Amino acid sequence: MLDIKLSTIEESGEELVVKQHTYENDEDAKELYDKLTEEYAEQSLPFFGKGEQLLKLEILETDSEDFITECYFEYTEELKGHLYQRL
């Protein structure tokens with residue numbers, strides 16, 4: 001089982017979980033994660049400045065806090081809403 005977690009990274013650096021969903025089928029979770037990161041790739045941030053508000057999407061093992069992969073996006077309420085609904 002895998003989890004996909006959507007969080008906000010506040011300007012202070014504090015991470016707040018917006019939504020986390022567990023997927024029974026690992027392939028379904030990986031497929032959704034890949035689809036979301038591809039659809040919103042133009043808003044992803046490979047590098048970002050300290051003190052910037054961000055969205056973080058990650059896929060991780062259900063029984064662990066160790067992430068498999070993660071992606072950061074430019075923060076907008078609209079994007080946060082889209083990602084929230086898709087999970």
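The values are calculated or read from the model by the stated rules, or taken from the named source; none is laboratory data. Since the structure is predicted, the reported quantities are computational estimates derived from the model, not experimental observations. Glycine also receives a Cβ, built like all others from the backbone with ideal geometry; neighbour counts cover every protein chain displayed. When the accessible area is computed, the model is the full protein with side chains, heavy atoms only, and any ligands, DNA or RNA have been set aside. Shrake-Rupley method; radii C 1.70, N 1.55, O 1.52, S 1.80 Å.
Mind pulling the angle between the C-alpha long axis of helix 26-39 and the longest principal axis of the chain? Nearest 10 degrees, somewhere in 0 to 90.
Long axis of 26-39 versus the principal axis of the chain: about 30 degrees.
Picking from 58, 74, 38, which is most flexible by a Gaussian network model of the chain using Cα springs under 10 Å?
38
Between segment 52-80 and segment 8-33, what is the C-alpha centre distance in whole Å?
Between the Cα centres of segment 52-80 and segment 8-33 lies a distance of 5 Å.
With angles folded into 0 to 90 degrees, how steeply does helix 77-86 sit against the dominant principal axis of the chain? Use alpha carbons for both and round to 10.
0 degrees
Amide H neighbours of residue 19 under 5 Å, at least 5 residues apart or on other chains, H built in the peptide plane: list them.
So residue 19 has HN proximity to 6.
Rounded to whole Å and sorted largest first, list the principal axis extents of the Cα atoms in the chain.
Result for the chain: principal-axis Cα extents of 35, 25, 21 Å.
Between residue 45 and residues 5 or more places away or on another chain, which pairs have amide H atoms under 5 Å apart, with H built 1.01 Å from N, and which residues are they?
The list, which skips near neighbours in sequence, is 72, 73, 74.
Extending each Cα 7 Å along its Cβ direction at residue 76 and residue 11, get the distance between those two points in nm, one decimal.
So the two model labels end up 2.0 nm from each other.
At a 1.4 Å probe radius, carbon and sulfur cover how many percent of the accessible area of the chain?
On the way: 2440 of 5380 Å².
Answer for the chain: carbon and sulfur cover 45 percent of the accessible area.
State the extension gain, in nm to one decimal, for the chain segment bounded by residue 66 and residue 1, taking 0.36 nm per residue of separation less the distance between their alpha-carbons. Each step should come with its number before you reach the end.
Values: separation 65, 0.36 × 65 = 23.40 nm, distance 1.33 nm.
Difference between extended and current length: 22.1 nm.
How much area per residue is accessible in the chain when the probe is 1.4 Å and only protein heavy atoms are counted (Å²)?
On the way: 5380 Å² over 87 residues.
Using a 1.4 Å probe on heavy atoms only, each residue of the chain averages 62 Å².
Pop out the ³J(HN,Hα) list for segment 51-59 in order, Karplus 6.51 cos²θ - 1.76 cosθ + 1.60 with θ = phi - 60°, rounded to Hz; leave Gly and Pro as x.
In residue order, the calculated couplings are x, 9, 7, 9, 10, 10, 10, 9, 10 Hz.
Counting Lys and Arg as +1 and Asp and Glu as -1, what is the net charge of the other residues whose Cβ lies under 11 Å from the Cβ of residue 71?
-3
Do the sum for the chain: with -39,500 (n - 2.57) for every DSSP H run of n ≥ 4, divided by all residues, what is the mean residue ellipticity at 222 nm, to the nearest 500 deg cm²/dmol? The partial results should precede the final answer.
Working: 2 runs with 24 residues, N = 87.
Theoretical 222 nm ellipticity from helices: -8500 deg cm²/dmol.
Using a 7 Å offset from the Cα along the Cα-to-Cβ direction at both residue 52 and residue 30, what is the distance between the two label points in nm, to one decimal?
3.0 nm
Counting only other residues whose beta carbon sits under 14 Å from that of residue 13, what net charge do I get with K and R as +1, D and E as -1? Don't skip to the answer; put the middle values down first.
Details: positive: 50, 56; negative: 10, 11, 14, 15, 52.
Residues close to residue 13 contribute a combined charge of -3.
Within the chain, how many lysine pairs that are 8 or more places apart, or on different chains, have C-alpha atoms less than 21 Å apart?
Summing the qualifying lysine pairs gives 15.
Can you list the HN-Hα couplings for segment 2-14, worked out from phi with the Karplus curve (6.51, -1.76, 1.60; θ = phi - 60°), rounded to whole Hz and with x for Gly and Pro?
Listing the rounded values in order: 10, 10, 10, 10, 10, 9, 9, 10, 6, 4, 6, x, 5 Hz.
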